[in-house]
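Just so it is clear, none of the values below were taken in a lab; they were calculated from the coordinates. What you see is a predicted model, and the numbers here were worked out from it, not measured in a lab. Please note: Cβ atoms are built from the backbone with ideal geometry, for glycine as well, and neighbour counts cover all protein chains shown.
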Amino acid sequence: MNERRVGIVMNGVTGRMGLRQHLERSIVAIREQGGIAAADGSMIIPEPILVGRNELKLRRIAEQYGLTRWTTDLSEALAEPDVEIYFDSQLTQLREKGVRAAVEAGKAIYCEKPIAEGLDAAVDLARLVRDSGLKNGVVQDKLSLPGLRKLKRLVDGGFFGRILSVRGEFGYWVFEGDWQEAQRPAWNYKQAEGGGIVVDMFCHWRYVLDQIFAPVRSVYCQGAVHIPTRWDEQGTEYAATAEDAAYGVFELEGGIIAQLNSSWTTRVFRDELVEFQVDGTEGSAVAGLRNCHAQHRSATPKPVWNPDLPVTEKFRDQWSVVPDNEVFDNGFKVQWEMFLRHVVDDAPFTWDFVEGAKGVQLAELGLQSWREGRKLEVPALSIEAGS
């Protein structure tokens, strides 16, 4: 069988997300399964070149996964003749420089969100890659989660009738780092280093709301630095300057109200780390990372409010399981396969840099809403110069 080998510069694989989700569970997994089928019947085989700032870490990662190509020199990697794709999962502060270098080298570009630190820079990058004519995409992995794909199936099938509201809870307790090691790097809690949960999560919420339910039309955000003192990876105490929780209310087109809480300072009493409840005139559903349960109007019980008596109903038992009906793969891997086919076969990939810029827009408006204490409209985003 013919093989179509595609060189991919992977910049930022020494980080947690770049290593686990993108390299190990996506690119290495695709290689181990023998690639993916192209339109002409050949097998697309990704050939990663690892790029980062720490030579020792790169060497160890390459050895762990049986890879031979790595470098600390991005220009050297982009100059390799087989390279067709540049992937970026660096710190957000470093992303713009890497993307511009890839555009200059004429490579297709796929990168993590947010695509830039601020909206102006995100729009500039979106305009740059559009004008270059290069294929481009931004990771929007939550859309490929099994639970949300089942939820989207219900939406597309008209299960909810008129959707009234979406309520989402995301988060877990991230240890402060003094008596137990923190699960997230210290930069997440430093404003000067691009930290903060608004920038991290509002980019996700934008595409989840826009593409599963309806476009976002307004935002009200209340952020908080609940834990003002933390300890970094070296055990050094530092002041947390970026918010560790954000409580958002979004109005969507058609009058749908979404309430989404994002927190690294909450202890989990849910079935999954993220859950969405959608209520509509004809039915409701609750979806997490993998599971989804639904309750139709015709099967909705009639609870009676009586605080003087103990609850005898098992409310969770009154919901039906939404079946898988398909085999679900890792969400990051699914989108990597789609982007590889986009590059090789010109297959559709709708999540481009304009969609990435929309996420940055919502995060920026969320932070502004918090500072000013008011609801803000979310205007249509244009990447045209002077607009």
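Results, tabulated for the structure shown:
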{"read-out": "Cβ-Cβ under 9 Å pairs, at least 6 apart or on other chains, region 267-284 side free of Cβ contacts under 8 Å to residues at least 24 places away in the same chain, far side in a loop (DSSP other than H, G, I, E, B) and surrounded by 14 or more Cβ atoms within 10 Å (Cβ to Cβ)", "value": "ASP271/GLY288; ASP271/ASN291"}
{"read-out": "In region 321-337, the residues that are in contact with a strand residue (DSSP E or B) (Cβ under 7 Å, 6 or more places away or on another chain) and over 25 Å from GLU112 (Cα atoms)", "value": "VAL321, VAL322"}
{"read-out": "Members of region 147-190 that are acidic (Asp, Glu) and under 22 Å from GLN295 (Cα atoms)", "value": "ASP156, GLU169"}
{"read-out": "Residue ID - surrounded by the fewest Cβ atoms within 10 Å (Cβ to Cβ), chosen from residues in region 129-150 that are more than 15 Å from the chain's Cα centre (by Cα) and in a helix (DSSP H, G or I)", "value": "ASP131"}
{"read-out": "Single residue of region 331-381 satisfying the filter (polar (S, T, N, Q) and more than 21 Å from LEU128 (Cα to Cα)) that is surrounded by the fewest Cβ atoms within 10 Å (Cβ to Cβ)", "value": "GLN368"}
{"read-out": "Any hit, region 117-128, residues being within 22 Å of the chain's Cα centre (by Cα) and within 18 Å of SER262 (Cβ to Cβ)", "value": "no"}
{"read-out": "Verdict on SER284 being over 30 Å from SER382 (Cβ atoms), assigned to a helix (DSSP H, G or I), among the polar types (S, T, N, Q) and out of contact with any Gly (no Cβ under 8 Å at 6 or more places or on another chain)", "value": "no"}
{"read-out": "Residues of region 69-116 classified as farther than 24 Å from LYS333 by Cβ, under 17 Å from the mean Cα position of the chain (by Cα) and free of Cβ contacts under 8 Å to residues at least 24 places away in the same chain, total", "value": "0"}
